[in-house]
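A.B. asks: Dropping a structure here in structure tokens format, bear with me for questions.
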Amino acid sequence: MSRAAPPLAEKLRTLERDGLLRHRRVLDTPQGARIEIDGRQVLNFSSNDYLGLAADRRLRAAAHAAIDAWGTGAGASPLVSGHQRVHDDAERRFAAFVGMPRALLFGSGYAANLGVLSALCDRHAEIFADRLNHACLNDGALLSRATFTRYPHGDLDALEARLAASSADVRVVATDAVFSMDGDIADVDRLVGLCERNAAWLLLDDAHGIGVLGATGRGTLEHFGARSPRIVYMATLGKALGGHGAFVAAGAEVVEWLLQRARTYVFSTALPASAAATALAAIDVLERDRSLVTALQARISQFRASAAARKVPVKPSPSAIQPVVIGEPRRAVAASDRLLAQGFFVPAIRPPTVPEGTSRLRISLSAAHSSGDIDALVDALAEALGP
């Protein structure tokens, strides 16, 4: 006789006991360097709004204009009647922006990765995934029914051995480009070489690299100068680009196949035109003004130098994501609470988002932060983490 599963109430009590129960906070302001929580203004180091564009007047104006011109909803799947001129314009601009032949819009990065992996792979394929990949890449691999082979984080020697041993008809290496909880960057140059030598696709999730890396914010491909017909490149519109949705860029035949067979594209209502227009406006901003990318990179350098001077134990990261690993979930929550009491919103990240024993403060830096904001944060961290 099978044992009944614990009631949900008991499972929730277990989460609370282990320091893993999560709570949403209600913000009364738009995203920005300063936000209001519970009637109180705090410095915001929680958001992936890396360039401060989520409430930018130029993006808001583009969204308003698109609603006036196109309405609030696309009405149908892109393959039925939901593909409007602004979507078409956005896909062309995105492809040109990252230097790829063609691009396709998706409702989210999660949907994009699920769609790509299920369209490229079946039970005769093999997907090779970094151990610290985002959940959407893992879920996409599982849903594809392919053989799912994981390799230790950043261990490309192990990946090379697994690729060489594979006899699968289709091989895909799937990896975060910038790892969302550690902020480190995948070795894209070597990954491209491995995929080219082994006739494998390279699915790069650049959700946290687009708008952040590269001299002009074009992301990891610009950062490495990487080009290959083996690359399938995904980047989100809802982080540094300040809006909503995602796009996949690749060779023309790959994108056409995704358009025909990616279930999260075929069976989803298209993004509203305002989301495409907002992303177009973000690209306009980046192409005309490099100061935002330069400011963000300056804040990253300043934070790391100040943290080192104050002996704040930040993991190595050249990106806008700066993690302080604490270990036990309750200790991470307590440190986050102490920072909030001082006026700094820095979230505690706990399992299952990160591995057991690595609960942390995840600090997200933005071009909208001032130099004084960074110094104040480091002082508060040193105090909150002190004995």
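A.B. asks: Which condition number in (1) over 23 Å from Val178 (Cα atoms); (2) touching a residue at least 12 places away in the same chain (Cβ under 8 Å); (3) in contact with a strand residue (DSSP E or B) (Cβ under 9 Å, 6 or more places away or on another chain); (4) not small (Gly, Ala, Ser) is the one that Val325 fails?
C.D. replies: Only one criterion is unmet by Val325, namely (1).
A.B. asks: Name the residues in region 375-384 that are under 24 Å from Pro30 (Cα atoms) and crowded, with 24+ Cβ neighbours inside 10 Å, would you?
C.D. replies: The one that is under 24 Å from Pro30 (Cα atoms) and crowded, with 24+ Cβ neighbours inside 10 Å: Leu377.
A.B. asks: Out of the residues in region 216-238 that are in a loop (DSSP other than H, G, I, E, B) and in contact with an Asp or Glu (Cβ under 7 Å, 6 or more places away or on another chain), which is surrounded by the most Cβ atoms within 10 Å (Cβ to Cβ)?
C.D. replies: Only one residue tops the list, namely Gly219.
A.B. asks: Let me ask something additional. Scan region 246-256 and tell me whether some residue there is among the aromatic types (Phe, Trp, Tyr), in a helix (DSSP H, G or I), in contact with a helix residue (DSSP H, G or I) (Cβ under 9 Å, 6 or more places away or on another chain) and not assigned by TED's automatic domain parsing to the domain that holds Ser317.
C.D. replies: no
A.B. asks: Hey, Ser268 hits all of (1) under 30 Å from Cys121 (Cα atoms); (2) assigned to a helix (DSSP H, G or I) but one; which does it fall short on?
C.D. replies: Here Ser268 meets the rest and fails (2).
A.B. asks: Any residue at all in region 112-123 that's touching a Pro at 6+ places or on another chain (Cβ under 8 Å) and in the same structural domain as Leu237 (by TED's automatic domain parsing)?
C.D. replies: Within region 112-123, none of the residues are touching a Pro at 6+ places or on another chain (Cβ under 8 Å) and in the same structural domain as Leu237 (by TED's automatic domain parsing).
Results for (1) of a type outside the set (S, T, N, Q); (2) touching a helix residue (DSSP H, G or I) at 6+ places or on another chain (Cβ under 8 Å); (3) in a loop (DSSP other than H, G, I, E, B), shown as yes or no for each residue.
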| site | (1), (2), (3) |
| --- | --- |
| Pro351 | yes, yes, yes |
| Glu356 | yes, no, yes |
| Leu361 | yes, yes, no |
| Gly372 | yes, no, no |
| Val378 | yes, yes, no |
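A.B. asks: Just checking, which of Ala74, Ala95 is buried (at least 19 other Cβ atoms within 10 Å of the Cβ) and out of contact with any helix residue (DSSP H, G or I) (no Cβ under 8 Å at 6 or more places or on another chain)?
C.D. replies: Working: Ala74 fails: out of contact with any helix residue (DSSP H, G or I) (no Cβ under 8 Å at 6 or more places or on another chain).
The conditions single out Ala95.
A.B. asks: Please specify each residue of region 354-372 satisfying the condition of being surrounded by fewer than 21 Cβ atoms within 10 Å (Cβ to Cβ) and closer than 24 Å to Ala54 by Cα.
C.D. replies: Ser370, Ser371, Gly372
A.B. asks: Name the residue, out of Arg330, Arg290, Arg310, that is touching a residue at least 40 places away in the same chain (Cβ under 8 Å), farther than 22 Å from Ser370 by Cα and surrounded by fewer than 21 Cβ atoms within 10 Å (Cβ to Cβ).
C.D. replies: Arg330
A.B. asks: OK, next. Could you list, in sequence order, all residues of region 77-90 that are assigned to a helix (DSSP H, G or I) and surrounded by 15 or more Cβ atoms within 10 Å (Cβ to Cβ)?
C.D. replies: Of everything in region 77-90, those that are assigned to a helix (DSSP H, G or I) and surrounded by 15 or more Cβ atoms within 10 Å (Cβ to Cβ) turn out to be Pro78, Gly82, Val86, His87, Ala90.
A.B. asks: Any idea which residue in region 42-68 is surrounded by the fewest Cβ atoms within 10 Å (Cβ to Cβ), counting only those that are in contact with a strand residue (DSSP E or B) (Cβ under 6 Å, 6 or more places away or on another chain) and not in a loop (DSSP other than H, G, I, E, B)?
C.D. replies: Among those that are in contact with a strand residue (DSSP E or B) (Cβ under 6 Å, 6 or more places away or on another chain) and not in a loop (DSSP other than H, G, I, E, B), it is Val42.
The values are calculated or read from the model by the stated rules, or taken from the named source; none is laboratory data. None of the values given here were measured: they were computed from a predicted structure. When we count neighbours, we look across all protein chains shown, and the Cβ atoms used for this are built from the backbone with ideal geometry, even at glycine.
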